[in-house]
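Engineer: Handing you a structure now.
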């Protein structure tokens, strides 16, 4: 009876085990919590700005939530590194305080082995970040700018004050004796419309203002009024109505928004490569090169963040304070600022991205790995074990020593 061939040793080592499942299950709840907290903190300031802009321009909740959805990919890319760092740090520190790390290391499990599922999680988040930075964020950034432009320029805000004149255009004037409902409910309305060769004077007992769906004009629903039409060459006509609707156009329409691609931050990774290759005259080549290398470096650095958090989370038994999390936060912020500085140097001064972008990347990633190896204490032991293994293999090849003196 033949035995099934066993899996190679490296495949068995990479396969997820009980320890990996346990560590991932412990990491997911604090990761979700940290991601929500960081996203909320990042969005708060922008939410206030959006509220002010939309309130001034008469925006609706639909426009607000559309702009908010376009902001989520940008801030999600900023929140993912912080969330994975905080979650891994909290899990490893709690395990260290509960002596779980000591028990694992006493049974032969090194800190590098404990960090393996965290690194795998970081690799998956790195791939997600690459999709965010390279494909989703460019479209979301353009959609946000497009929506904000329409909210700020299309139409005029349907908010009036009592006994004040509003002139949406040179041929249109509107006023009301009393205004309620945040400027949308009008009472004792008077309108003078000189569009074309006619002059229409409209009075109504009440009216309601609201934006049209395309935000290009304002709809005014009037009730119980009179329309006096003057053609200048004939006698004026008088018309009474119970309800009527007027569409009020504005002279201050914004033109159509530009197409996507005038800014390198609105281009996807394949579009950046194509623009670099074909020398797109609309954007400077240095800006394209800087943006491409910047996105790749940010995405590739994320798998090393769990390594840094795992290395800094351990603490001595009698140590009451652990400065690992502040050090990790300062390291992440410093690394991000270094990449931002490299981006500006490549874009403005044409410096080599391999020096000012990938140089900080190599330093950061190398420092993360060095800290983990130093913290786990497996560097020297690993080399010594490797040398002993080669020595035993050499003795086995040479065979046992024989006495030739007889």
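The values are calculated or read from the model by the stated rules, or taken from the named source; none is laboratory data. Computed from a predicted structure; not experimentally measured. Please note: Cβ atoms are built from the backbone with ideal geometry, for glycine as well, and neighbour counts cover all protein chains shown.
Engineer: From the list 316, 328, which residue is at pLDDT below 95 and more than 24 Å from residue 80 (Cα to Cα)?
Structural biologist: 316
Engineer: Additional query: Output the number of residues of region 80-103 satisfying the condition of being surrounded by 21 or more Cβ atoms within 10 Å (Cβ to Cβ) and either free of Cβ contacts under 8 Å to residues at least 60 places away in the same chain or farther than 18 Å from residue 307 by Cα (or both).
Structural biologist: Final tally of qualifying residues: 1.
Engineer: Further question: All but one of (1) over 21 Å from the mean Cα position of the chain (by Cα); (2) in a helix (DSSP H, G or I); (3) at pLDDT below 85 hold for residue 45, so report the exception by its number.
Structural biologist: The number of the failed condition is (1).
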